[in-house]
Amino acid sequence: MANPSLLILAGDGIGPEVMAEVRKVIDWFGTRGLAFDVTEDLVGGAAYDAHGTPLTDATMDKAQSVDAVLLGAVGGPKYDVLDFSVKPERGLLRLRKEMDLYANLRPAQCFDALADFSSLKRDVVAGLDIVIVRELTSGIYFGEPRGIIEEGNERVGINTQRYTESEIERVARSAFELAMRRGRKLCSMEKANVMESGVLWREVVTEVGRDYPEVALSHMYADAGAMQLCRWPKQFDVIVTDNLFGDLLSDAAAMLTGSLGMLPSASLGAPMANGRPKALYEPVHGSAPDIAGTGKANPIACILSFAMALRYSFDMGAEADRVEAAVEAVLADGLRTADLLGEDGVQPVTTSEMGDAIVAKLAESV
Ligand code: NAI
Ligand code: MG
């Protein structure tokens, strides 16, 4: 069988710096007989500098043909003057749109060594491991009509929440599939009490749930869900919600666990001919121009994004566990990049030292 294929788009700023550390992890798996066919290409400002566009058609075609795309970050002040149509972010948006990545997975996972880093009590977050699935391609950010109109003597701002049955169904299916691989518990959040789109959301999720009798499905109003996420997040395993609520809930849940430098994500689309979903994995953070080139970037978010690729694109759950355990182990040893430092006088390690330490833990684990 052919090796699994991976397109790496490191992008701008700290993107290439953190991706270099992911390459060490990928190369380590290569030495263990688990080789990936890796292609590298340009996205964002780097692609603009080389080709005058943040994503060429050739790169787009490659992204459509590989098993998974791994992206670093795009953007930077150098590109602020560019026309909107060629801004670095447009490259990422084009990938998401043309690959039709409708399910955005945002884990909130608390590594024990960082539990005191949270704004919540250690008890509440220690051992936390949940995933929020946010619908990404429809809902109020896209619905028509929209705009600012004149009505009588004043202006009116309009956005429309609109969900079709099939849009709800496909993201619900992604969430149930995810729940099947995890704790078999899914909580769907909407506002069916005040929104018709929420009523339909609840109905369709319930219908899809009949195909997954092993998954315990519950429903919660999204505002109550926000409270419960702060009160006792460990009651959840997988949460599925719409684009707007997911935007807010996933940012809030992410912060339960600490630094932006720790947060991975996956965006999944429809299953391809080989049964794998279209997939793009990326850290939640941006290109961090303020620290680019200084060796301060935390590579863990990007390394954990690769672990998600192992789990969700390549069915390599044991390997994904191994990467996460290596991250847990270096943190337990007290290694910290600058973003993870408290006030206890610990000396930070560099981006590359963190990557090396994670690979060393991987090697110890066999
Ligand atoms: P950012 O996420 O790049 O940085 C926010 C803060 O977090 C900065 O102080 C940065 O130093 C720190 N930080 C981020 N990642 C870190 C890491 N791995 N290790 C240590 N510290 C880290 O967001 P910001 O500053 O709003 O945006 C900077 C640029 O990135 C902009 O051009 C923006 O458009 C772009 N951006 C790109 C994203 C993407 O590619 N998906 C997402 C967010 C922003
Ligand atoms: Mg957001």
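Looking only at the range 215-229, decide whether some residue is among the charged types (D, E, K, R) and more than 30 Å from Asp123 (Cβ to Cβ).
At the first step, the residues of the range 215-229 found to be among the charged types (D, E, K, R) are 223.
Going one step further and asking which of them are more than 30 Å from Asp123 (Cβ to Cβ), we end up with none.
No; the residues of the range 215-229 include none that is among the charged types (D, E, K, R) and more than 30 Å from Asp123 (Cβ to Cβ).
Yes or no: Leu82 in a loop (DSSP other than H, G, I, E, B), surrounded by 12 or more Cβ atoms within 10 Å (Cβ to Cβ), outside the structural domain of Ala288 (by TED's automatic domain parsing) and not β-branched (Val, Ile, Thr)?
No: the conditions fail for Leu82.
For the range 310-326, does any single residue satisfy the condition of being surrounded by 15 or more Cβ atoms within 10 Å (Cβ to Cβ), in a helix (DSSP H, G or I) and within 16 Å of ligand 1 (Cβ to nearest atom)?
Checked against the condition, which is being surrounded by 15 or more Cβ atoms within 10 Å (Cβ to Cβ), in a helix (DSSP H, G or I) and within 16 Å of ligand 1 (Cβ to nearest atom), the range 310-326 yields no hits at all.
Tally up the residues in the range 80-103 that are of a type in the set (Asp, Glu) and under 16 Å from Thr53 (Cβ atoms), please.
In the first step, residues of the range 80-103 are kept if they are of a type in the set (Asp, Glu); the result is 80, 83, 89, 98, 100.
Still in the running and under 16 Å from Thr53 (Cβ atoms): 83, 89, 98.
Looking only at that region, the number is 3.
Restricting to the range 119-158, what's the tally of residues that are in a strand (DSSP E or B), over 26 Å from the mean Cα position of the chain (by Cα) and not aliphatic (A, V, I, L, M)?
Filtering the range 119-158 for residues in a strand (DSSP E or B) gives 129-135, 143-151, 154-158.
Then keep just the ones that are over 26 Å from the mean Cα position of the chain (by Cα); that gives 144-151, 154-158.
Among the residues that remain, those that are also not aliphatic (A, V, I, L, M) are: 144-147, 150-151, 154-155, 157.
So the count comes out to 9.
Quick one: which residue in Ser250, Ser313 is within 16 Å of ligand 2 (Cβ to nearest atom) and among the polar types (S, T, N, Q)? Lay out the reasoning, then the answer.
Details: Ser313 fails: within 16 Å of ligand 2 (Cβ to nearest atom).
Sole residue among the options that is within 16 Å of ligand 2 (Cβ to nearest atom) and among the polar types (S, T, N, Q): Ser250.
Taking the options Pro77, Pro4, Pro54, Pro16, name whichever one is within 16 Å of ligand 1 (Cβ to nearest atom) and touching a residue at least 60 places away in the same chain (Cβ under 8 Å).
On the way: Pro4 fails: within 16 Å of ligand 1 (Cβ to nearest atom); Pro54 fails: touching a residue at least 60 places away in the same chain (Cβ under 8 Å); Pro16 fails: touching a residue at least 60 places away in the same chain (Cβ under 8 Å).
Result: Pro77 is the single residue among Pro77, Pro4, Pro54, Pro16 that is within 16 Å of ligand 1 (Cβ to nearest atom) and touching a residue at least 60 places away in the same chain (Cβ under 8 Å).
The values are calculated or read from the model by the stated rules, or taken from the named source; none is laboratory data. Here the structure is a predicted model, which is why all the values come from computation and not from measurement. A quick note on method: Cβ atoms are made from the backbone with ideal geometry, for glycine too, and the neighbour counts reach across all protein chains shown.
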